[in-house]
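The block underneath contains the structure these notes are about, expressed in structure tokens.
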Amino acid sequence: MGNPTIVTSTPEAARFVLATQHKSFTTFDYPSVSRLLSIPSAAVSQEMPPGKILKTIHDSMHFELVRDKIAKIDKITRWVLSSWDKQPFVFTYQEAKKLAFHAVLDSIAGMAPSPETMKLMDDFGYVIKGMGTSMPFNIPGTSYHMALEKGQQVFEALSPVVKKRRLEKSQEKCTLDLLMEIENANGEKISDDSLQSHLCGLMFAGFHSSAVLFVWLVKFLGENQEILQQVKAEQDTIRMGKISPEDPLSWTDIINMPLTSTVFQETLRMASIVPFLTRRAKEDINYEGIQIPKSWLVHVGIQNFHLGPEYHKDPLKFDPSRFQAPAKPAAFLPFGNGASMCPGRELIKFEALVFVHYLVTTYRMLLRVSLHYCMTWHSWERIGSEQGIDHWPIPIVKGGLPIKVAKLNKSVT
Ligand code: HEM
């Protein structure tokens, strides 16, 4: 990291560092990443207190506001899944990106899928790719250079979006609407440039991590047939309770998915999508006899305790039932802890549950057993020989998990 760093790997230390953040630690942003996201320069960011902006972002994703977005999430999920059976192979990661990007775009900017949003997604994909480079040098021909160019294009493409939204008076408030309303001590509103860069930051926060989660969900369900069948039974019951196949999922349906919710949690634990967080010490700190000098970094290893046998029995086994009883305190922190805890956690939970619902109620898939193929109701065929995990910027199944699916007779998408 180019800085003296202390590495922690226990939930207790993670809680200490993350929860006492504002007193003793600050968040640490990688300058190469901030540059890609057009994070405001000091001059721009001083126009509005950062605390006010963050509070507004957290408020905009409050549980009750997000709950009202279930119908929209439902519509986007059906749109994405509806084309799967027309594809010879479904590249799960590509499809997951489509779903994640449009769900977050709707939530933060009220934008519905269109050719413009697809272009935005493709361009933003280069930005994410540029973050994965170990050599962030702006040299033509490198992925970092391409990412900087694409990041700038995304930033500019958001300009008409912001201007249009300022003129519209939408009933359904998105994050952008709420950010537009805030004022600084002089009664001034936030500038367009600043709004555009906050949208870039939010896209980064909500897009890639969610897409990766969907891929892991498909993988873990596909590899655990018994659990998949139980999940399908839970989701079939909900679908059968609908009067028309076109009826979207509702809040009541979401709370009737206890098993699928544990699958969501177990996937977050096993995949540890944000494997570590980094903080900088604001002062000299003593933690249980360990001296952390001022300005040193602290690397909070979340994956270490998510997969630690002292915290989770048989940690490499995909076992959603472990979440039927509360996990050990602080041994499960997929969304961080303290003031910077992920405000998108409810949104992504709803997205994941809706996704699993349509996945298992729409598609019959093929399971590969050794060298033979056999048809089952609930499984899908994994194709391609790539195995393993790519680890940067966050852990993702190598090869993007190509699969093959077939539509169920009574499917709804
Ligand atoms: C699987 C999906 C996701 C995971 C694992 C995840 C995880 C996290 C974690 C660990 C943090 C804390 C970072 C820190 O303490 O430094 C965080 C922050 C954040 N997340 Fe998420 N997140 C996910 C999805 C989302 C979504 C869908 C959104 C919606 C836009 C979102 C928005 C944010 C924002 C704005 C922050 C910064 C909060 C702050 O600094 O106060 N996240 N996320």
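How would segment 155-213 be classified by its alpha-carbon gyration tensor: rounded, prolate or oblate, with rounded meaning a/c under 1.5 and the a/b versus b/c comparison settling the rest? Prolate. Exposure proxy for 360, 300: other Cβ atoms within 10 Å of each Cβ, ordered fewest to most, give 360, 300. Think of the chain as a dipole: +1 on every Lys or Arg Cβ, -1 on every Asp or Glu Cβ, centred on the Cα centre; then among 132, 290, 243, 243 lies furthest on the positive end. Every helix of 4 or more DSSP H residues in the chain counts as -39500 (n - 2.57), and over all residues that averages to -15500 deg cm²/dmol at 222 nm.
Could you size up the charge dipole of segment 10-168 around its Cα centre, putting +1 on the beta carbon of Lys and Arg and -1 on that of Asp and Glu, and report it in debye to the nearest 20?
Using Cβ point charges on Lys, Arg, Asp and Glu, segment 10-168 gives about 180 debye.
Evaluating 6.51 cos²θ - 1.76 cosθ + 1.60 at θ = phi - 60° for every residue in segment 162-179, the Karplus couplings come out as 5, 4, 5, 5, 4, 7, 6, 10, 6, 5, 8, 7, 10, 4, 4, 4, 5, 5 Hz, glycine and proline recorded as x. Straight-distance candidates among the aspartates and glutamates for linking to residue 294, with alpha-carbon spacing under 13 Å and chain neighbours fewer than 8 residues away dropped: 283, 284. Compactness of segment 232-370 was expressed as the Cα radius of gyration divided by 2.2 N^0.38 Å, which yields 1.36. Assuming charge only on the beta carbon of Lys and Arg (+1) and of Asp and Glu (-1), the dipole of the chain about its Cα centre is about 480 debye to the nearest 20.
In segment 5-407, taking the dipole from charged Cβ atoms about the Cα centre, the farthest positive-side position among 197, 316, 405 is held by 405.
Projecting the Cα atoms of 215, 32, 83 onto the charge dipole of the chain, computed from C-beta unit charges around the Cα centre, puts 83 farthest toward the positive end. Computed from backbone phi, the HN-Hα couplings of segment 85-100 come to 6, 8, 9, x, 9, 9, 8, 3, 5, 4, 5, 5, 5, 4, 5, 5 Hz, rounded to whole numbers (Karplus: 6.51 cos²θ - 1.76 cosθ + 1.60, θ = phi - 60°; Gly and Pro given as x). When the GluC sites (Glu not before Pro) in segment 299-358 are filtered for DSSP coil states and for at most 15 other beta-carbon atoms within 10 Å of their beta-carbon, the remaining sites are 310. Considering only the Cα atoms of segment 210-311, their convex hull presents on average a projected area of 9.9 nm². Amide H contacts of residue 6: 297, 298, 299, each under 5 Å away and 5 or more positions distant or on a separate chain (H built 1.01 Å from N in the peptide plane; Pro and chain starts excluded). Across the chain, the relative contact order, built from alpha-carbon pairs under 8 Å that are at least six residues apart, equals 27 percent.
The value of relative contact order for segment 136-213, using C-alpha pairs under 8 Å at least six residues apart, is 25 percent. Once each of the trypsin sites (Lys or Arg not before Pro) sitting in a DSSP loop with at most 16 other beta-carbon atoms within 10 Å is removed, the chain keeps 1-168 as its longest stretch. Restricting attention to the chain, close to 85% of DSSP beta bridges with both partner residues there are antiparallel.
Distance between the modelled labels on residue 191 and residue 54, one decimal in nanometres: 2.2 nm (7 Å Cα→Cβ projection). Of the Cα atoms belonging to segment 5-407, the radius of gyration and Dmax stand at 21.6, 70 Å. Working note: Karplus 6.51/-1.76/1.60 with θ = phi - 60° gives segment 58-65 the couplings 4, 4, 5, 10, 4, 2, 5, 6 Hz, where Gly and Pro are set to x.
Values quoted throughout were computed directly from the atomic coordinates according to the rules given, and no laboratory measurement underlies them. Every value quoted in this text rests on a predicted model; they were computed, and no experiment measured them. Quick reminder, even Gly has a Cβ in these numbers, built from the backbone with ideal geometry, and neighbours come from all protein chains shown.
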